[in-house]
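The values are calculated or read from the model by the stated rules, or taken from the named source; none is laboratory data. None of these values were measured; they are calculated from a predicted model. Note: ideal-geometry Cβ built from the backbone for every residue, glycine included; neighbour counts use all protein chains shown. Quick note on the areas: whole protein, heavy atoms, side chains included, nothing else; ligands and nucleic acids left out. Shrake-Rupley method; radii C 1.70, N 1.55, O 1.52, S 1.80 Å.
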Amino acid sequence: LAFLNKGVTIHFRDDEGEQHHEETFHYEGGIDEFVTWLNANKKPISPVIHFEGERPGLTGQVQAEVSMQYTDSYSPLEQTYCNNINTIEGGTHLSGFRGALTRTVNKYGRDQNLIKEKDTVTGDDMREGLTVIVSVKVPQPQFEGQTKTKLGNGEVQGIVDSIVSDRLMTFFEENPAVAKAI
């Protein structure tokens, strides 16, 4: 929760038994620090890339925040949240991110002659070595199932897709060396 809500301080104190234990969690960098923490034992290929935005949804403003970093690992690590609830099965926010990532990388790669016209970089290719946190705030979230493990709001997919497409393309244009490494 401290990662997902930058600037918030959470303090735990355990007075049970003879040993007293206290721990404080505070991350000014929010999910950027979360990605750095998750990648502590990996070699980064890119800096932590962060973007956020807000768009109108069916029930009010939907906020999306994404932090991502490529590493030398083969396995992707994707964590998604809606209103601070860990949606371990993903949902529409993850689908929006994945679609935008694949489309944006392919477009930028072709525009810069990094990807040949006949070649296609798949979503699996683009997620290799990627650590990403996708966090959305949705006024009236709809979850699939009682356990709230998958977000089902249809409009969230388009909102996340739009924000990621715009911000990631801008990042690539402003940071061509990082884009080429990715």
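Observations
- Count of residues meeting criterion [without any contact (Cβ under 8 Å) to a residue 60 or more places away in the chain and either open to solvent by less than 40 Å² (accessible area, probe 1.4 Å) or of a type in the set (D, E, K, R) (or both)] in the stretch 11-52: 13
- Residue pairs whose Cβ atoms lie under 7 Å apart, sitting 6 or more positions apart in sequence or on different chains, and linking a residue in the stretch 68-97 that is buried (at least 21 other Cβ atoms within 10 Å of the Cβ) to a partner that is acidic (Asp, Glu), are LEU94/GLU78; GLY96/ASP161.
- Qualifying residue in the stretch 91-113 (condition: under 29 Å from ALA40 (Cα atoms), in contact with a strand residue (DSSP E or B) (Cβ under 8 Å, 6 or more places away or on another chain) and basic (Lys, Arg)): no
- Unmet requirement for THR59, which otherwise passes all of (1) farther than 25 Å from GLY129 by Cα; (2) open to solvent by less than 50 Å² (accessible area, probe 1.4 Å); (3) of a type in the set (Val, Ile, Thr); (4) in contact (Cβ under 8 Å) with a residue 40 or more places away in the chain: (2)
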